[in-house]
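The numbers here are math on the coordinates, done by the rules we state, and not lab data. From a predicted model like this one, the values you see are computed outputs, not experimental measurements. Using ideal geometry, Cβ is built from the backbone for each residue, glycine included, and neighbour counts are taken over all protein chains shown.
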Amino acid sequence: MAKYTVTYACGHTGTIELFGKMTEREYRLKQLTDQLCPDCYNQQVSKENQENGLPKLEGSEKQINWAEKIRKQNISKINGFIQDRRNTLKSWEMKRDESLAEGKEPDHRLLEGIMGCKMEVRSLEEILDKYKAETSAKVIIESRDDYRYEQDMLQRFINEHQWTTMQEAMEYFNLID
């Protein structure tokens with residue numbers, strides 16, 4: 001264990017304690033010199049969140065700083081899940097359209113997959129909207145691991161709505177003609 005003085009990318013300096021092998025410490029020090037100091041980083045994240053229309057968080061200063069970081073990471077993660085599902089949906093819809101252009105009836109599993117994918121995208125969008133509306137730093141901190149895995153989020157979403165049939169879920173998302 002040793003204390004080091006670090007000059008961050010923003011020009012501010014700080015003292016940190018590092019543990020481990022010397023090579024690991026040197027590597028960590030190099031990383032820190034390429035980053036903003038904790039105060040500047042917290043200000044940047046708060047500013048970005050405000051610019052993105054996210055509500056101001058309530059809690060202690062320490063809770064808010066931590067929750068702002070968590071919120072930024074989780075929103076990015078959920079947006080990534082949504083984009084992945086949209087890409088899959090686009091691919092599957094192209095396959096369906098190719099079948100129809102060839103005069104063939106698309107495989108029922110493909111059509112079910114498209115419907116399921118649409119519901120997943122809409123579920124994730126609703127999860128994201130609800131997450132973005134949260135104003136309690138405490139709630140964001142306590143639920144920080146709840147947004148780690150896409151399937152876990154979707155399962156919680158389904159459980160919250162207590163759908164018993166696919167028909168009910170499709171009606172919820174207005175996917176029935």
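List of remarks:
- Listed peptides 41-51, 26-36 by packing density, highest first (mean Cβ within 10 Å): 41-51, 26-36
- The H on the amide N of Ser136, modeled in the peptide plane, is under 5 Å from the matching H of Glu58, each at least 5 residues off or on a different chain.
- Formal net charge of residues neighbouring Ala9 (Cβ-Cβ distance under 15 Å; K, R +1; D, E -1): 0
- Those lysines that a straight Cα-Cα span of less than 27 Å connects to Lys138, excepting residues fewer than 8 apart in one chain: Lys47, Lys56, Lys62, Lys69, Lys72, Lys77, Lys130
- Computed extension gain for Thr5 through Glu112, at 0.36 nm per residue and net of the alpha carbon distance, reaches 32.7 nm.
- C-alpha long axis of helix 38-51 to longest principal axis of the chain, angle in °: 30
- Sorting the segments 169-175, 76-82 by their mean number of nearby beta carbons within 10 angstrom, highest to lowest, gives 76-82, 169-175.
- Here is how the number arises for the chain: DSSP H runs of 4 or more residues each give -39500 (n - 2.57), the sum is divided by the residue count, and the result at 222 nm is -22500 deg cm²/dmol.
- Rounded tilt (10° steps) of 108-133 against the dominant C-alpha axis of the chain: 40
- Reported label for calculated Cα extents along the principal axes in Å given (i) 48, 42, 34; (ii) 56, 42, 35; (iii) 69, 36, 30: (iii)
- Protection proxy ranking of 148-155, 68-75, 14-21 - average other beta-carbon atoms within 10 Å, highest first: 68-75, 148-155, 14-21
- The charge dipole of the stretch 1-151, taken about the Cα centre with unit charges on the Cβ atoms of Lys, Arg (+1) and Asp, Glu (-1), comes to about 460 debye, rounded to the nearest 20.
- Length added when fully stretched, Arg86-Leu100, from 0.36 nm per residue minus Cα-Cα: 3.0 nm
- Segment Gln63-Tyr27, extension gain: residue separation times 0.36 nm, minus the distance between their alpha carbons: 10.1 nm
- Dipole orientation for the chain: of the candidates Leu111, Tyr41, Met94, Tyr41 has the Cα lying most toward the positive pole (charges on Cβ; Lys, Arg +1; Asp, Glu -1).
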